[in-house]
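Only one structure is covered here, and it is reproduced in the block below.
The values are calculated or read from the model by the stated rules, or taken from the named source; none is laboratory data. Computed from a predicted structure; not experimentally measured. Cβ placement follows ideal geometry from the backbone for every residue including glycine, while neighbour counts extend to all protein chains displayed.
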Amino acid sequence: MKEHSIMMSAEMVKAILDGRKTMTRRTGGLNKINENPNHWFGIPENIEEGALWRFNNYNGSSLIVKCPYQIGDRLWVKETWAEPFNRTTDKDSETPLYKADIYPSFLKCYKWKPSIFMPRWASRITLLITEVKTERVQEISHSPFDQDCHAEGFNNPSDLCLNDFMQCWNSLNAKRGYGWEKNPWVWVIGFRTDAVRVS
């Protein structure tokens, strides 16, 4: 069992805490595949208990990719935060402030730190990975009967839900070269909330 840090926006943190978000999509480790995502076809073959996946190319070659995430691993969530008011030398007694918990009208009252700078001790959410698969991002299901968009934390009706997911995806990934239109391969990670700090 490994622990990985994973960054989440304030809105996605709220969805996790509300029990609405049980899935996330990530591109980590798929850089070579996503240099030209259209060259790879079909469903990649899982060849070693989720750790190794074989992607087949239209020219007859293949590429083995190691998935960074395994069933049973834990993800500790990094979110936008602020230093606790009761700062002491005992980190166990500190209670950070979390942007996801603050009313919008009070956001300017605090000096927020980006999620990337959150240390492990300040994280309040730990997720247990229950499922890992790979697909292209546009394969996300949004029909009334199989709504991965909803599992991603978006709760509008199907078409609007997909549009919300697309906008969120592009806001986080387009500048990295993995926008919706490129249709990159992603790891689809299902999880349940394993621990939430009561603050």
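The single residue among Lys99, Lys32 that is touching a residue at least 24 places away in the same chain (Cβ under 8 Å), under 20 Å from Val137 (Cβ atoms) and of a type in the set (D, E, K, R) turns out to be Lys32.
The one condition from (1) touching a residue at least 12 places away in the same chain (Cβ under 8 Å); (2) in a helix (DSSP H, G or I) that Tyr178 does not meet is (2). Considering only residues in region 22-76 that are loosely packed, with under 15 Cβ neighbours inside 10 Å and basic (Lys, Arg), the one that is nearest to the chain's Cα centre (by Cα) turns out to be Lys66. Does at least one position in region 89-101 carry a residue that is at pLDDT 90 or above and acidic (Asp, Glu)? The answer is yes; a qualifying residue exists. Residues that are assigned to a loop (DSSP other than H, G, I, E, B), under 22 Å from Thr22 (Cα atoms) and modelled with pLDDT under 95 are absent from region 37-48 altogether.
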